[in-house]
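Reading through the structure tokens given below for one structure.
Bear in mind that the values in this text are calculations on the coordinates, not laboratory data. In this text, all values refer to a predicted model and were calculated from it rather than measured experimentally. In this analysis, Cβ positions are derived from the backbone assuming ideal geometry, glycine residues included, and neighbour counts consider all displayed protein chains.
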């Protein structure tokens, strides 16, 4: 309960700031949240360490830090992405009759942020917001193949988990060349998937679009037929995010 209270107090500090009060002194913040200056100082110190607040050395006043600006930018991009992607995903789902998922790259994980469910009663569903490995499954591989910086970070920070799957790197060149990745039973037995990368305006892969379904129905032949409309759908989403062409073109 103490940790929850501490988190709430930190949030209370951030909520002190507004357009009309963008800079505040320690005394003003402590008064607004009803805490002693000593406690408020410790909380501000942690927030400052994580770039959530910044202290002006001349006025000794605090303001919101650049980390919050970045998180706001990410949130805005995410909202924009889902608004753009929804009709494209629904159209693709109607065409292929299988579940369409939108994944975003989050540190060394992939997270499903949107889903258009299959029209079939037996369907594959992913829990929204769930962190999933990048080194298993089509969606993860298609992002990793275009983000060697993330792959190298995985090898350094999660070596024991990634080590048994280091062979996946051998697929990266082919995935980049063909513009999609496939998987059959890699992350989940009886599941097939095909995925294509989504680029931002800087030509960097930050998300992926996938089609997935039960392997007995979503066969290799179905995967092959689905790749063309999938790549086209992912390209549309990329274009809406300002992507014009791949850097190597």
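Compare the peptides 155-167, 231-243, 7-19, 213-225 by average per-residue count of other Cβ atoms within 10 angstrom and give them in order, highest first. Each step should come with its number before you reach the end.
On the way: 155-167: 11.7, 231-243: 18.3, 7-19: 13.5, 213-225: 16.1.
Put in order of decreasing packing, that is 231-243, 213-225, 7-19, 155-167.
Result for the chain in a Gaussian network model with C-alpha springs under 10 Å: among 50, 101, 202, the largest mean-square fluctuation is at 50. Counting only alpha carbon atoms, the long axis of helix 2-14 and the longest principal axis of the chain meet at about 80°. The value of relative contact order for the chain, using C-alpha pairs under 8 Å at least six residues apart, is 14 percent.
With contributions of -39500 (n - 2.57) from each DSSP H run of at least four residues, the per-residue ellipticity at 222 nm computed over the chain stands at -14500 deg cm²/dmol.
Over the residues of the chain, compute the C-alpha Rg and express it relative to 2.2 N^0.38 Å.
Values: Rg = 22.2 Å, N = 249, 2.2 N^0.38 = 17.9 Å.
Working it through for the chain, the quotient is 1.24.
Ranking of 182, 41, 228 by neighbouring Cβ atoms within 10 Å, starting from the fewest: 228, 41, 182.
Note on segment 213-239 and segment 77-113: Cα centroid distance 13 Å, given to the nearest whole angstrom.
Axis of helix 220-240 versus longest Cα principal axis of the chain: the two differ by about 40°, to the nearest ten degrees.
Between residue 59 and residue 174, take the C-beta separation as r, use R0 = 41 Å, and let me know the FRET efficiency to the nearest 0.05.
Numbers: r = 57 Å, r/R0 = 1.39.
Step by step, r from the Cβ atoms, then E = 0.10.
Quote the FRET efficiency, to the nearest 0.05, computed for residue 225 versus residue 15 with a Förster distance R0 of 41 Å and r equal to the Cβ-Cβ distance.
Values: r = 52 Å, r/R0 = 1.26.
Efficiency for this residue pair is about 0.20.
Please give the helix 66-96 orientation as an angle from the longest Cα principal axis of the chain, in degrees from 0 to 90, rounded to the nearest 10. Roughly 20 degrees, rounded to the nearest 10.
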